[in-house]
Ligand SMILES: [Ca+2]
Ligand SMILES: [Ca+2]
């Protein structure tokens, strides 16, 4: 009986370690997945936005001008010619799974998107859509890699906020079988990466894809900071808990009235 109890405690601890391994690592850039919220002006066909996008200190890039910014707070460049800002059916979907008709950033193998930041950041959020195996984010401070994440990390931490029938796929990382249609749907959600301490801030992000399929993202949100990002962990719900999200977006709406959106149009 005693051994049985120890074993179950050990199993519990292991799952706890799996859930919080990022938080406990030496370099703690960690992440949370939510559905995100609709745009500040209430549009639901622009993909999901960060719950923090209403904070006046948060800068959001929506790509709706058809270009990625090359000057200012966040400078985007590409290492090859395949990746671009575009509009098509693979755009990351909205907070409730709505189709996104706007321009977004698509990255393909061999053509990384590189974001050089004017300041050190402690938060970077993205509407991550139509997930494929080995969609990869790498966070750097200067030339030093702080932390890198792939689609599998999202799966291991509990998965995406939703799996969209608008993005049919195959059985791979970031996809889930819909038993009613017998179709694999690709993961979508708003993923918030943030630093837990001053040691883990970053000033360069590389978005890359290793292998087939594209890496589709929209509505990048940035927050500068030299300390850990104060993520309201108690009020941010697990993926897919709609009531909790309504509550949190309500809080942000009340507290924060301004949203800075970089629109190059
Ligand atoms: Ca967009
Ligand atoms: Ca994809």
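The values are calculated or read from the model by the stated rules, or taken from the named source; none is laboratory data. Keep in mind that what you see is a predicted model, and the values were worked out from it rather than measured. Quick reminder, even Gly has a Cβ in these numbers, built from the backbone with ideal geometry, and neighbours come from all protein chains shown.
Applying the selection to segment 120-156, what residues are in contact with a helix residue (DSSP H, G or I) (Cβ under 7 Å, 6 or more places away or on another chain) and more than 18 Å from residue 209 (Cα to Cα)?
Filtering segment 120-156 for residues in contact with a helix residue (DSSP H, G or I) (Cβ under 7 Å, 6 or more places away or on another chain) gives 131-135, 146, 156.
Within segment 120-156, 146, 156 meet the criteria.
Which is assigned to a loop (DSSP other than H, G, I, E, B), away from ligand 1 (no atom under 16 Å from the Cβ) and either farther than 25 Å from residue 169 by Cβ or at pLDDT 95 or above (or both), of 41, 88, 101, 55? Before you say what the answer is, go through the steps one by one.
Values: 41 fails: away from ligand 1 (no atom under 16 Å from the Cβ); 88 fails: away from ligand 1 (no atom under 16 Å from the Cβ); 101 fails: away from ligand 1 (no atom under 16 Å from the Cβ).
From the options 41, 88, 101, 55, the qualifying one is 55.
What's the total number of residues in segment 203-214 that are within 16 Å of ligand 1 (Cβ to nearest atom) and either surrounded by fewer than 20 Cβ atoms within 10 Å (Cβ to Cβ) or closer than 25 Å to residue 119 by Cα (or both)?
Total meeting the criteria: 1.
Looking only at segment 58-71, which residues are assigned to a loop (DSSP other than H, G, I, E, B), in contact (Cβ under 8 Å) with a residue 24 or more places away in the chain and in contact with a strand residue (DSSP E or B) (Cβ under 7 Å, 6 or more places away or on another chain)?
62, 63, 66, 67, 68, 69
From the residues in segment 25-38 that are within 16 Å of ligand 1 (Cβ to nearest atom) and modelled with pLDDT of 95 or more, which one is surrounded by the most Cβ atoms within 10 Å (Cβ to Cβ)?
So, considering only residues that are within 16 Å of ligand 1 (Cβ to nearest atom) and modelled with pLDDT of 95 or more, the one surrounded by the most Cβ atoms within 10 Å (Cβ to Cβ) is 36.
On the given criteria, is residue 235 more than 16 Å from ligand 1 (Cβ to nearest atom), modelled with pLDDT under 95 and either surrounded by fewer than 22 Cβ atoms within 10 Å (Cβ to Cβ) or closer than 18 Å to residue 126 by Cβ (or both)? So that I can check it myself, show each step before the final result.
Values: more than 16 Å from ligand 1 (Cβ to nearest atom): yes; modelled with pLDDT under 95: yes; either surrounded by fewer than 22 Cβ atoms within 10 Å (Cβ to Cβ) or closer than 18 Å to residue 126 by Cβ (or both): yes.
Yes.
Cβ contacts < 7 Å: first residue under 20 Å from residue 214 (Cα atoms), restricted to segment 183-203; second residue in a helix (DSSP H, G or I) and within 16 Å of ligand 2 (Cβ to nearest atom), any location; separation 6+ or different chain. Result?
187/154; 191/154
Would you check if residue 5 is modelled with pLDDT under 95, within 16 Å of ligand 1 (Cβ to nearest atom) and out of contact with any strand residue (DSSP E or B) (no Cβ under 7 Å at 6 or more places or on another chain)?
So residue 5 does not fit the description; no.
Out of all the residues in segment 167-206, which are more than 18 Å from the chain's Cα centre (by Cα) and closer than 27 Å to residue 222 by Cβ?
Correct list: 197, 198, 199.
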